[in-house]
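Chemist: Below is the structure I would like to discuss, written out as structure tokens.
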Amino acid sequence: MQESRLFGILYYLLDKGHATAPELAEKFEVSVRTIYRDIDAISSAGIPIYATSGRNGGIRFLDDYVLDQSFFSDSEKLEILFSLKSLSAVQYPEIDTVLNKLGAIFQIGFTDWIDVDFSRWGSVAENESRLFRQLKQAVLENREITFDYYNSTGGSGRRNAYPYKLVYKDRAWYLYAFCLLKDENRLFRLSRIKNLILTEVRFERETDKCQYHSVFPKPEEMGDLIDLELEFTLDAGYRLFDMLDDTVIAKHENGYTVKLTLPENNWMYDFLMSFGDKVTIIRPVSVRQTLETKHEAARDHHKGA
């Protein structure tokens, strides 16, 4: 716990420039005496942090100091820089300043061997960035939010919620929040949140109720499970490896054989139909027949359009 707090103090000072002992004590929920012991420990590790008294006093780094001691190992320094790089990539641009400072202090030229970009293809980056900033503000300030939400069945409605945190799950961003309409914690996919408004209503954050627990339904709760055997053409391979586990895909000379178990529901049929003539249903026959009916309905729909 102490090591985590020591780095937290370093990070805070890098971000703010300086701080008072009472300020750090309140921030990390310890006594002022503990903060001074932490400062002594940091100084003992070769990092010159010093405290000054008076009106403009406080705790700060020695000007122009470059960290060349072994407070962190090289691998730990890279892990810290990579973590901050990831935060910068997910609409936290204020991290960039701290990232640059840490790179200089660690004497590491942060190489561009990786870029993390969670924005959607074709999306308007500014709109997504604005949504992240609004939600971050709402979470940190414990402010009730209201927004229009479009669910997976095509319905929409106005929602009020207490936002707890943002969650990245299965290639998509979600808001984990207490939904006042449903009276329970819910995950809201960010791409379906529209017209977000931060209200002036504040909610009391209860730690035990705010902890994230996966609320995604289990496959067996989404429909009866069904074993599928499918044949795909070679040019469908890139999508298969994007969406499925390698263990269910077998490549052969003319394409791919896929054997997997899915809940039989609208999503499964939409998934299969999205491949068009690049997929053949081997079994079960009932799925092939249902898919034929859906294709016919789609064709008839466009004939009458």
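The values are calculated or read from the model by the stated rules, or taken from the named source; none is laboratory data. Everything quoted here is computed from the prediction, not taken from an experiment. Accessible surface is based on the protein model in full, side chains and every heavy atom, while ligands, DNA and RNA are left aside. Shrake-Rupley method; radii C 1.70, N 1.55, O 1.52, S 1.80 Å.
Chemist: Listed here are the pairs K165/K259; K27/K136; K259/K294; K194/K294; which of them are more than 27 Å apart at the Cα?
Modeler: From the list (K165/K259; K27/K136; K259/K294; K194/K294), the Cα-Cα distance tops 27 Å for K165/K259; K194/K294.
Chemist: Heavy atoms only, 1.4 Å probe, whole protein assembly: order S43, S53 by accessible area, highest first.
Modeler: The residues order as S53, S43, largest area first.
Chemist: Here's a follow-up. Could you rank T233, T247, T207, T199 by how accessible they are, 1.4 Å probe, largest area first?
Modeler: T247, T207, T233, T199
Chemist: Could you compute how much accessible surface H252 exposes when probed at 1.4 Å, giving the result in Å² to the nearest 10?
Modeler: Here the accessible area works out near 70 Å².
Chemist: Any idea of R37's accessible area? Nearest 10 Å², probe 1.4 Å.
Modeler: Roughly 140 Å² of R37 is accessible to a 1.4 Å probe.
Chemist: Additional query: From largest to smallest, what semi-axes in whole angstrom does segment 246-305 give when each is the square root of 5 times an eigenvalue of its alpha carbon gyration tensor?
Modeler: Over the Cα atoms of segment 246-305, the ellipsoid semi-axes are 25, 14, 10 Å.
Chemist: To the nearest 10 Å², what's W173's accessible area with a 1.4 Å probe?
Modeler: Roughly 50 Å² of W173 is accessible to a 1.4 Å probe.
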